[in-house]
Amino acid sequence: MATIRTQREIRQRAPFWLVMLLFGNLVIMAADARDSVTKQRMFRVWAQAIASPVQSVSSKAGGASAGLIRQIMNFRTAADENERLKQQLDQTVLELRNARESSAENERLKGLLNLKENTGYTQVPARVIARDPSVWFNTVTINRGSSSGITLNMPVATGSGIVGRVVAVSPWTAQVMLITDEKAAAGAVVGQLGESGALGSVSGLGKAGLVEMRYVSGLQKVEVGDYILTTGQDGIYPAGLNVGEVLEVKHGTATQPHQIYVRPSARLDQLEEVAVLLYHPPQRPAPEQTLPNLDKAKK
């Protein structure tokens, strides 16, 4: 029975072994087969053909990854470079602004020195430290006071022209009323004092940064662009200081005075450095002191 079973199993397994032998022979033949042109083993050619798509995808993926990494590094480098250039630009702009401010300050200080040479009056340089917004910037506070010799009604000016007068004083600060204030006034003349008969008074309008010149006879010639100087008759400003330039004139008649609007020469909206003139107007003799002299003259 065992022998019969063994022979039966051999007959059943014979086809399987035959297939295995044939497949092994085919593998050996394929491994040993060579291409008639390139003389390469066919097995290697087939292996390369099968592996080629995988290698291509892997190569593309690797190249894309490397390119992405390079792109990220380039972005970071460009960002760092942009930040460095931005800092350099900010530094350059700051230096340029400081240079312009220094140049402007030098020009203002030079104007104050010229003012002292032109007027001959002792002056106290001061810096504007505050403005009063409640009256539309018509008063400013400076960082010099009575400890520097400043007293009430002393004139304040820049190298360009008059600014106003001192209306309040403390030991270390003073308040200055600008000429554009409605309560401010100064004796003035159109053109040179002694050469022009267009005498009048300038007073503030309280707005628009302008002053108005009043009481100028309609018979006097006044044109846009004429300059206005102080006369010294108000007891505050010395004669010959620059007030401003005629911006608009409404001509009067023989019985009607001109209506003249003047743009101040001093940049009142951009005041930084000013000079307080230690000016005291000459004392006028009292009327009772002149009468005896008149009596002696008659005798």
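The values are calculated or read from the model by the stated rules, or taken from the named source; none is laboratory data. All values derive from a computational prediction rather than experimental measurement. Methodologically, a virtual Cβ is constructed for each residue, glycine included, from the backbone with ideal geometry; neighbour enumeration extends over all protein chains shown.
Restricting attention to the range 111-128, the residues that are at pLDDT 65 or above, outside any loop (DSSP other than H, G, I, E, B) and over 14 Å from Val276 (Cβ atoms) total 4.
Here Trp172 meets the list (1) more than 23 Å from Asp132 (Cα to Cα); (2) of a type in the set (Phe, Trp, Tyr); (3) within 36 Å of the chain's Cα centre (by Cα) almost entirely, failing just condition (1).
Among the candidates Val202, Val189, Val222, single out the residue that is out of contact with any Gly (no Cβ under 6 Å at 6 or more places or on another chain), within 22 Å of Leu152 (Cα to Cα), in the same structural domain as Gly252 (by TED's automatic domain parsing) and β-branched (Val, Ile, Thr).
Residue meeting the stated conditions: Val202.
Among the residues making up the range 206-234, those that are modelled with pLDDT under 90 and exposed (fewer than 14 other Cβ atoms within 10 Å of the Cβ) are Lys207, Ala208.
Applying a threshold of 6 Å to beta carbon distances and a minimum spacing of six or more residues, or different chains, the list of pairs starting in the range 221-235 at a residue that is farther than 15 Å from Val262 by Cβ and ending at one that is not in a strand (DSSP E or B) reads Gly232/Pro238; Gly232/Ala239; Gly235/Pro281.
Per this entry, Glu107 is not counted among residues that are surrounded by 10 or more Cβ atoms within 10 Å (Cβ to Cβ) and modelled with pLDDT of 65 or more. Taking the criterion of being at pLDDT 85 or above and not in a loop (DSSP other than H, G, I, E, B), the residues of the range 264-292 that qualify are Pro264, Leu268, Asp269, Gln270, Glu273, Val274, Ala275, Val276, Leu277. A single entry from Ala254, Ala198, Ala266, Ala208 fulfils the requirement of being under 22 Å from Thr119 (Cα atoms) and not polar (S, T, N, Q): Ala266.
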